[in-house]
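Peer 1: Pasting in a structure now, in structure tokens, and then I'll have a few things to ask.
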Amino acid sequence: EPEVTQTPSHQVTQMGQEVILRCVPISNHLYFYWYRQILGQKVEFLVSFYNNEISEKSEIFDDQFSVERPDGSNFTLKIRSTKLEDSAMYFCASSEGLRNEKLFFGSGTQLSVL
Amino acid sequence: TQLLEQSPQFLSIQEGENLTVYCNSSSVFSSLQWYRQEPGEGPVLLVTVVTGGEVKKLKRLTFQFGDARKDSSLHITAAQPGDTGLYLCAGAGFSGYALNFGKGTSLLVTP
């Protein structure tokens, strides 16, 4: 069964460093998303991406965050200068159809900022 | 932000029991999705309900969307240890791309 894959599964970084989280969405999907889940809190929307541009972003997705689809398969989330409060599980998701129907989530990248 | 409140927060039951978990909001949603999440994994979609009053069944799981499209429930019949996990509801607005998640109900089914 097709699945969304994310790498790395765990990332430890120092505060102020840049990190890139990588995702390979399901191949025929057109909509891509990043969500995050801080320990003990709810899953929060960060950004959606369609047709090679951001279609929506949340207040969390400030200038420190960027997304890119550098080739036909990868979808990346970059945090330019990490803060302690960026520590969270980051989930990539993709969907085939319109907007946010039937999202398929990856297993996540656990980001720890020290 | 459209808040989704899930209850109960935690539920521990014996195998074979029935249970219902709830997802409530003061906001109206275009659709509502239920996910199950296991530790260290991403949420896995169980069902999407779209029409007010809609009832969907997935084996022993029954999902209902409220008539006013503000709330939903998940009923599990004869729970099994394999049902253990975090059950999340997520609402979609009438525009935009974001799903708004509740905090979830953590279910433990013991043999």
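The values are calculated or read from the model by the stated rules, or taken from the named source; none is laboratory data. Computed from a prediction, not measured in an experiment: that's the story for all the values here. No Cβ is skipped: glycine too gets one built from the backbone with ideal geometry, and neighbour counts run over all protein chains shown. Note: accessible area is taken over every heavy atom of the protein model, side chains too, but ligands, DNA and RNA are not part of it. Shrake-Rupley method; radii C 1.70, N 1.55, O 1.52, S 1.80 Å.
Peer 1: Restricting attention to segment A:11-25, and to residues there that are away from chain B (no Cβ under 14 Å) and under 17 Å from A:SER66 (Cβ atoms), which single residue is surrounded by the most Cβ atoms within 10 Å (Cβ to Cβ)?
Peer 2: Checked segment A:11-25; the qualifying residue surrounded by the most Cβ atoms within 10 Å (Cβ to Cβ) is A:VAL19.
Peer 1: Residues being within 14 Å of another protein chain (Cβ to nearest Cβ), without any contact (Cβ under 8 Å) to a residue 40 or more places away in the chain, farther than 22 Å from B:PHE10 by Cα and buried (at least 17 other Cβ atoms within 10 Å of the Cβ): count how many of those fall in segment B:30-55.
Peer 2: Selection size over segment B:30-55: 2.
Peer 1: Inside segment B:87-111, can you point out the residues that are buried (at least 20 other Cβ atoms within 10 Å of the Cβ), more than 15 Å from the chain's Cα centre (by Cα) and within 10 Å of chain A (Cβ to nearest Cβ)?
Peer 2: Listed by number, the residues that qualify are B:TYR97, B:ALA98.
Peer 1: Looking at segment B:3-19, is at least one residue of a type outside the set (Asp, Glu), in contact with an Asp or Glu (Cβ under 9 Å, 6 or more places away or on another chain) and surrounded by fewer than 14 Cβ atoms within 10 Å (Cβ to Cβ)?
Peer 2: No - not one qualifying residue is present in segment B:3-19.
Peer 1: Moving on to the next point. Would you check if there is a residue in segment B:65-86 being under 27 Å from A:PHE32 (Cα atoms), of a type outside the set (A, V, I, L, M) and surrounded by fewer than 18 Cβ atoms within 10 Å (Cβ to Cβ)?
Peer 2: No; the residues of segment B:65-86 include none that is under 27 Å from A:PHE32 (Cα atoms), of a type outside the set (A, V, I, L, M) and surrounded by fewer than 18 Cβ atoms within 10 Å (Cβ to Cβ).
Peer 1: A further question follows. Looking at segment B:12-41, which of its residues are hydrophobic (A, V, I, L, M, F, W, C) and in contact with a Ser or Thr (Cβ under 6 Å, 6 or more places away or on another chain)?
Peer 2: Scanning segment B:12-41 gives B:VAL21, B:CYS23, B:LEU32.
Peer 1: Somewhere in segment A:51-58, is a residue under 9 Å from the mean Cα position of the chain (by Cα) and within 12 Å of chain B (Cβ to nearest Cβ)?
Peer 2: no
Peer 1: I would also like to ask the following. Quick one: which residue in A:LEU111, A:LEU77 is away from chain B (no Cβ under 13 Å), touching a Leu at 6+ places or on another chain (Cβ under 6 Å) and either part of a loop (DSSP other than H, G, I, E, B) or farther than 17 Å from B:GLN33 by Cβ (or both)?
Peer 2: Testing whether each residue is away from chain B (no Cβ under 13 Å), touching a Leu at 6+ places or on another chain (Cβ under 6 Å) and either part of a loop (DSSP other than H, G, I, E, B) or farther than 17 Å from B:GLN33 by Cβ (or both) leaves just A:LEU77.
Each row is one residue, and each column tells you yes or no for (1) open to solvent by 50 Å² or more (accessible area, probe 1.4 Å); (2) touching a residue at least 60 places away in the same chain (Cβ under 8 Å); (3) among the hydroxyl-bearing types (Ser, Thr, Tyr).
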position: A:GLU1; (1), (2), (3): yes, no, no
position: A:SER9; (1), (2), (3): yes, yes, yes
position: A:SER27; (1), (2), (3): yes, no, yes
position: A:PHE45; (1), (2), (3): no, no, no
position: A:ILE60; (1), (2), (3): no, no, no
position: A:ARG69; (1), (2), (3): yes, no, no
position: A:ASN74; (1), (2), (3): no, no, no
